[in-house]
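*Asks:* Handing you this structure, nothing more for now.
The values are calculated or read from the model by the stated rules, or taken from the named source; none is laboratory data. Quick caveat: nothing in here was measured; it's all calculated off a predicted structure. Cβ placement follows ideal geometry from the backbone for every residue including glycine, while neighbour counts extend to all protein chains displayed.
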Amino acid sequence: MDANGLPLLGSSAFYVINQNTGEVLLERNGSAVVPIASITKLMTAIVVLEAGQSLSERLTITEGDIDRLKGTGSRLALGTTLSREEMLQLALMSSENRAASALARNYPGGESAFVEAMNVKARLLGLWDTRFRDSTGLNPGNVSSPKDLARLVAASAAFPLIREFSTAHERYVDVRGRMLRFGNTNGLVRSPEWAISVSKTGYISEAGRCLVMQAWLQQQPVVMVLMDSSGRYTRTADAKRVRKWLEQGMPQRLAVAPQRAGG
């Protein structure tokens, strides 16, 4: 705790709200516009699901899905064919960049139309600090503010498949005849101490390590946005510090607001 009784966090920007009441519980640099890395994939998922394309359609990883910008690797080899549903889960749960790229490439009009749809949806959600350049988050031109990202997490929570896929522990998929296990990039989803309904991690050098979640604390949906953590485990340690502060130090913050008669 600092001199004001607030938790000491390693994330350079963060924004924590009670989603039910809209009350800001904790904030630092909440309006700072920063690269968001793979947090991008929440919007990727929204655009995919709202497009209404068949989730059983088979998509194939091609040369166009290889990361030429950052040179990141992938276990989805060229020629891998999976369903759109599998690609979506791997993009959300395991932050698979080739899966996210394939989803955009197979959108009506291709990747450029997909990115345009991402930006249109951002405007419709009132995310005025947010801009997208690709579907993966590898491009540092994908930017937003912690305040905007809290709204994106809340919007994502309205999609049952995003809730399911982003918090799944693991999935086995057939990659060219081999069953490969893919796990969740957020280890907190496997902890019985947490009730997480939306989760997404992110990392590129320009963004640092990032984590956004909707977690239930004292029966209230709390959105945590933790951006630009320096250490590998700082973002999850910060989430634990925020939770401890909310549950032990400031329980009244999570009190359910009284309902009005007739409501």
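*Asks:* Name the single residue, out of those in segment 198-218 being touching a Pro at 6+ places or on another chain (Cβ under 8 Å) and crowded, with 20+ Cβ neighbours inside 10 Å, that is nearest to Ala91 (Cα to Cα).
*Replies:* Within segment 198-218, the subset touching a Pro at 6+ places or on another chain (Cβ under 8 Å) is 204, 206-207, 214-215, 218.
Still in the running and crowded, with 20+ Cβ neighbours inside 10 Å: 204, 207, 214-215.
Details: Ile204: 16, Ala207: 18, Gln214: 18, Ala215: 20 Å.
Result: Ile204.
*Asks:* Can you pull out the residues in segment 182-214 that are assigned to a loop (DSSP other than H, G, I, E, B), under 22 Å from Val34 (Cβ atoms) and either touching a His at 6+ places or on another chain (Cβ under 9 Å) or in contact (Cβ under 8 Å) with a residue 12 or more places away in the chain (or both)? Steps first, answer last, please.
*Replies:* Of all residues in segment 182-214, those assigned to a loop (DSSP other than H, G, I, E, B) come to 184-186, 191-195, 205-207.
Filter once more, so that each one left must be under 22 Å from Val34 (Cβ atoms): 185-186, 205-207.
Listed by number, the residues that qualify are Thr185, Asn186, Glu206, Ala207.
*Asks:* From the residues in segment 215-224 that are touching a residue at least 24 places away in the same chain (Cβ under 8 Å) and in contact with a Ser or Thr (Cβ under 9 Å, 6 or more places away or on another chain), which one is farthest from Thr81 (Cα to Cα)? Can you show your working first?
*Replies:* Of the residues in segment 215-224, the ones touching a residue at least 24 places away in the same chain (Cβ under 8 Å) are 215, 217-224.
Okay, now just the ones that are also in contact with a Ser or Thr (Cβ under 9 Å, 6 or more places away or on another chain), so 215, 220-221.
Values: Ala215: 33, Gln220: 40, Pro221: 37 Å.
Only one residue fits best here, namely Gln220.
*Asks:* Taking Thr21 as the residue in question, decide whether it is of a type in the set (Ser, Thr, Tyr) and surrounded by 17 or more Cβ atoms within 10 Å (Cβ to Cβ). Spell out how you get there, then give the answer.
*Replies:* On the way: of a type in the set (Ser, Thr, Tyr): yes; surrounded by 17 or more Cβ atoms within 10 Å (Cβ to Cβ): no.
Considered against the rule, which asks whether it is of a type in the set (Ser, Thr, Tyr) and surrounded by 17 or more Cβ atoms within 10 Å (Cβ to Cβ), Thr21 comes out as no.
*Asks:* Still on this structure, please answer the following. Would you kindly identify the helices (runs of 4 or more DSSP H) lying entirely within segment 70-138 that contain at least 1 residues that are surrounded by fewer than 16 Cβ atoms within 10 Å (Cβ to Cβ) and of a type in the set (A, V, I, L, M)? Talk me through it step by step, then tell me what you get.
*Replies:* Details: elements: 84-93, 97-105, 110-124.
Output list reads 110-124.
*Asks:* To continue, here is another question. What are the residue pairs meeting all of these: first residue in segment 114-139, first residue more than 18 Å from Glu50 (Cα to Cα), second residue of a type in the set (S, T, N, Q) and in a loop (DSSP other than H, G, I, E, B), Cβ atoms under 6 Å, and 6 or more apart or on different chains?
*Replies:* Asp129/Ser145; Arg133/Asn139; Arg133/Asn142
*Asks:* When you check Gly126 against the structure, is it closer than 15 Å to Pro35 by Cβ and either of a type in the set (Lys, Arg) or within 18 Å of the chain's Cα centre (by Cα) (or both), yes or no?
*Replies:* Values: closer than 15 Å to Pro35 by Cβ: no; either of a type in the set (Lys, Arg) or within 18 Å of the chain's Cα centre (by Cα) (or both): yes.
The answer is no for Gly126.
*Asks:* Note down all Cβ pairs under 9 Å where the first residue falls in segment 228-240 and is farther than 17 Å from Ser38 by Cβ, the second is among the aliphatic types (A, V, I, L, M), and they're at least six residues apart or on different chains.
*Replies:* Gly231/Ala237; Ala237/Leu9; Asp238/Leu9; Asp238/Leu211; Asp238/Met224; Asp238/Leu226; Lys240/Leu188
*Asks:* I've got another one for you. Across segment 145-194, what is the total count of residues that are surrounded by fewer than 13 Cβ atoms within 10 Å (Cβ to Cβ) and among the charged types (D, E, K, R)?
*Replies:* 6
*Asks:* Inside segment 24-54, can you point out the residues that are within 26 Å of Leu246 (Cβ to Cβ), buried (at least 24 other Cβ atoms within 10 Å of the Cβ) and of a type outside the set (Val, Ile, Thr)? Can you show your working first?
*Replies:* Initial filter on segment 24-54 (within 26 Å of Leu246 (Cβ to Cβ)): 24-32, 34, 36-39, 42.
If we keep only those that are buried (at least 24 other Cβ atoms within 10 Å of the Cβ) as well, we get 36-39, 42.
Answer for segment 24-54, where residues must be within 26 Å of Leu246 (Cβ to Cβ), buried (at least 24 other Cβ atoms within 10 Å of the Cβ) and of a type outside the set (Val, Ile, Thr): Ala37, Ser38, Leu42.
*Asks:* Oh, and also: If we scan segment 34-52, do we find a residue that is among the hydroxyl-bearing types (Ser, Thr, Tyr), part of a loop (DSSP other than H, G, I, E, B) and modelled with pLDDT of 95 or more?
*Replies:* Going through segment 34-52, the residues among the hydroxyl-bearing types (Ser, Thr, Tyr) turn out to be 38, 40, 44.
Keeping just the survivors that are part of a loop (DSSP other than H, G, I, E, B) gives none.
No, because not a single residue in segment 34-52 is among the hydroxyl-bearing types (Ser, Thr, Tyr), part of a loop (DSSP other than H, G, I, E, B) and modelled with pLDDT of 95 or more.
*Asks:* Next question, about the same structure. Just to be sure I understand, how many residues within segment 182-214 are in contact with a Ser or Thr (Cβ under 6 Å, 6 or more places away or on another chain) and among the small types (Gly, Ala, Ser)?
*Replies:* 3
*Asks:* Still on this model: Contact list please: Cβ distance under 8 Å, first residue in segment 162-177 and over 15 Å from Val212 (Cα atoms) and at pLDDT below 95, second residue surrounded by 12 or more Cβ atoms within 10 Å (Cβ to Cβ) and charged (D, E, K, R), pairs at least six apart or on different chains.
*Replies:* Partner pairs satisfying both residue conditions: Val175/Arg75.
*Asks:* Residue by residue through segment 53-69, note down the ones that are outside any helix (DSSP H, G or I), under 25 Å from Arg131 (Cβ atoms) and not acidic (Asp, Glu). First the steps, then the outcome.
*Replies:* Initial filter on segment 53-69 (outside any helix (DSSP H, G or I)): 53-62, 66-69.
Still in the list and also under 25 Å from Arg131 (Cβ atoms): 53, 66-69.
Hits for segment 53-69 are Gln53, Ile66, Arg68, Leu69.
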